[in-house]
Amino acid sequence: MPSLANTTRAILVITLAVAALALGDALIKLSSGSISLWQMFVLRSALVLPVLLGIMALAARASLALRHPGWTPLRSLILVAMWLAYYAALPHVPLSLAAAGYYTSPLFITLFGALATRSPIAPHQWLAVAIGFAGVLLIIKPTASGLSPYALLPLLAAMLYAVAMLMTGTRCRNEHPLMLSAMLNVAFILTGGAAFLLLPDPAGTTSDFAATWTPLDAADWRTITILAAAILIGSIGAAYAYQNGPPAVIGTFDFTYVGFSALWGWLLFTERPDALSSLGIALIVAAGVLAISGPRPRPAPPRT
């Protein structure tokens, strides 16, 4: 059982990690239209990967060999697809609402985990699913005038994340966290490079998925550097926190991402969710905490 000191450090680390990730996502939203997603994938990971390799070299005594050469790349590609869905929503959806939609992932982990193991879902977990679904309805407002297809993308991201995390806990369980992070960044670089090779470059397009390589100024490079630092802090911090603290406790503090997203959205975009959306966010957070409060399924770490 983790000591009180280790648990306290793990809580502080996961809070720092999700604050960094929320800031990074806010910057993605702020820079949308000036830097393509593919370009951001390549440049951000090109900065992160050498740092990760350096850390791996210092940790040479640890077992860093790739143990699952098939499942680990597949997990990385699923996470890349998750990030694509989430990032595509950010230019069109308030950051706090996108974050709340994404953090329905514990509900999908509960459902998908039960389907994969053919085991029953506990009553409190069914209650969590119902509460979370009610929160989603309050946020996306599924009426003829209120439903935006972009509001569904964070839910798709949550589903993909749930699949990837269940895969992490089964097929990739013995992989070192540094290796998982390194493989993810390799997948970002390869996916971005493939997009520039295979997708057309429509001049003047405003599409989120346009394969356009834009010349960057000093401010853009600062943004890319901050994004690299954010994902590095987030991925390593999450791994440390879940290795050194009780998963249920750390999973609860993982939900502070939603609060940090609301804070960055207010500071950078003056976004203020309406009353129904605020209630929906609160319901989703409560449902997520309820879903991970039971002994099964085991909560998975945040974005790695």
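A short reminder: the numbers here are calculations on the coordinates, not readings from a lab. A quick note: this is a predicted structure, and the numbers were derived from the prediction, not measured. Because the Cβ atoms are built from the backbone with ideal geometry, glycine has one as well, and the counts that use them run over all protein chains shown.
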With the crude spin-label approximation of a point 7 Å out along Cα→Cβ, what separation in nm comes out for PHE196 versus THR170? 3.7 nm
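Could you work out [θ]222 nm for the chain from helices alone, using -39500 (n - 2.57) per DSSP H run of at least four and dividing by all its residues? Round to the nearest 500 deg cm²/dmol. Numbers along the way, then the final one.
On the way: 12 runs with 214 residues, N = 304.
-24000 deg cm²/dmol, from helical runs alone.
Please work out the FRET efficiency for the pair LEU267 and HIS92, using the Cβ-Cβ distance as r and a Förster radius of 25 Å; give the result to the nearest 0.05.
Efficiency computed from Cβ-Cβ geometry: 0.80.
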Evaluate the distance, in nm, between pseudo-label points positioned 7 Å from the Cα of MET56 and of HIS124 along their respective Cα→Cβ axes. 4.0 nm
Using a Gaussian network for the chain with springs between C-alpha atoms less than 10 Å apart, which of these wobbles most: ILE121, ILE28, ILE78? ILE121
Would you mind counting up the charge near LEU267? Only other residues with Cβ under 14 Å from its Cβ, with Lys and Arg at +1 and Asp and Glu at -1. 0
For ALA282 and ARG9 in one chain, what is 0.36 nm times their gap in residues minus the Cα-Cα distance, to one decimal in nm? 95.7 nm
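How much length would be gained if the chain were fully extended between ALA46 and LEU137, taking 0.36 nm per residue of separation minus their Cα-Cα distance, in nm to one decimal?
Length gained between ALA46 and LEU137: 28.9 nm.
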Among rounded, prolate and oblate, which fits the stretch 209-294 when a ≥ b ≥ c are the square roots of the eigenvalues of its C-alpha gyration tensor, a/c under 1.5 means rounded, and a/b larger than b/c means prolate? oblate
Taking θ as phi - 60°, what are the ³J(HN,Hα) couplings along the stretch 66-76 by the Karplus curve (6.51, -1.76, 1.60), each to the nearest whole Hz, with x for Gly and Pro? 6, 8, 10, x, x, 6, 5, x, 5, 4, 5
Assuming R0 = 41 Å, what is the FRET efficiency of THR225 and LEU115, from their Cβ-Cβ distance, to the nearest 0.05? 0.50
Under a 10 Å cutoff between Cα atoms, tell me which one of TYR150, TYR161, TYR103 has the largest fluctuation in the Gaussian network model of the chain. TYR150
Pairwise over distinct Cα atoms, reciprocal of the mean inverse distance: report the Kirkwood radius of the chain in Å, one decimal place. 19.7 Å
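How much length would be gained if the chain were fully extended between ALA65 and VAL289, taking 0.36 nm per residue of separation minus their Cα-Cα distance, in nm to one decimal?
77.2 nm
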